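Heads up, the thing below is written out as structure tokens.
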């Protein structure tokens, strides 16, 4: 007896087999995607660091690390526990740098009394100083938190700095995503803070509640290792200028004219707070300023440290 196969039955069987194969393919594809997604999620690298200064008065702390590929800083937290002697100004800050790009967060405060007066005259053979400035001691903690910063491949430094200090401890936490390794730390106690109107002595310095005047003010700093420094403008009505000359004779200059809503930086705004990290030797800072206001006027600040990179 002959067997008879309907062509329609043959087509139906083939279609059924194709559907089974298609379903098997889709299931396999979904499994593969899930496995790949799981593997990718599992292979994301993270890094973290926690460190504390060991000295009784370490007022700068540096962490060196290397990004083997572009990395992302999820968060940085710095805690400063300090006490000071008599002083008028205070600074806490963190700087993240690869020595060409700089990211920074800082806090400043200035002690001020409306009766404060400072006068310095040095012209020809006449040299006179009248100092009636109030000082204050302080102690406590300051906290700085930074987050969400992309870093390129290469060596990076996190620099924590505060001044002035009598006793000080710095503690930091770093958490990030990417491939990074930590290479070392360094610390020291050479940080400084100078109020330009009071410490940059020139031909004429006048400071009172609502007026600041400095003519040909100058401050020289001898650096044994590397200098990191911020010039922090007053951002008050008037004009202020700062000129920095490094040990090789190269200069940077900033001039700001502030007429309330109109601020005119002759040089790039980027240099206003740009840290300087360079060679050892004598650095010279020169300033001229005339600032006034309807409320108390605070002096521009020069803040930094003689540091040694790890």
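Residue-wise test of (1) surrounded by 15 or more Cβ atoms within 10 Å (Cβ to Cβ); (2) in contact with a strand residue (DSSP E or B) (Cβ under 6 Å, 6 or more places away or on another chain).
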site	(1), (2)
164	yes, yes
174	yes, yes
197	yes, yes
206	yes, yes
214	yes, yes
222	no, yes
249	no, no
254	yes, yes
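Inside region 283-299, residues that are at pLDDT 90 or above and under 24 Å from the mean Cα position of the chain (by Cα) make up a count of 5. Residue count for region 66-85 satisfying the condition of being under 30 Å from residue 193 (Cβ atoms) and part of a strand (DSSP E or B): 10. Exactly one residue out of 39, 115 is closer than 30 Å to residue 204 by Cβ and either outside any strand (DSSP E or B) or at pLDDT below 90 (or both): that is 115.
In summary, residue 276 fulfils each of the numbered conditions (1) at pLDDT 85 or above; (2) surrounded by 15 or more Cβ atoms within 10 Å (Cβ to Cβ) with the single exception of condition (1). The residues listed here are 155, 165, 141; of these, the one that is under 26 Å from residue 49 (Cα atoms), modelled with pLDDT of 90 or more and assigned to a loop (DSSP other than H, G, I, E, B) is 165.
Applying the condition of being surrounded by 15 or more Cβ atoms within 10 Å (Cβ to Cβ) and within 15 Å of residue 162 (Cβ to Cβ) to region 111-145 and asking which residue is farthest from the chain's Cα centre (by Cα) yields 138. Total residues in region 256-273 satisfying the condition of being at pLDDT 55 or above and surrounded by fewer than 10 Cβ atoms within 10 Å (Cβ to Cβ): the figure is 1. Scanning region 86-110 for residues that are in a strand (DSSP E or B) and either modelled with pLDDT of 95 or more or buried (at least 20 other Cβ atoms within 10 Å of the Cβ) (or both) turns up 89, 90, 91, 92, 93, 94, 95, 96.
The values are calculated or read from the model by the stated rules, or taken from the named source; none is laboratory data. If you're wondering where the values come from, they're calculated on a predicted model, not measured in any experiment. Backbone-built Cβ (ideal geometry, glycine too); neighbour counts: all protein chains shown.
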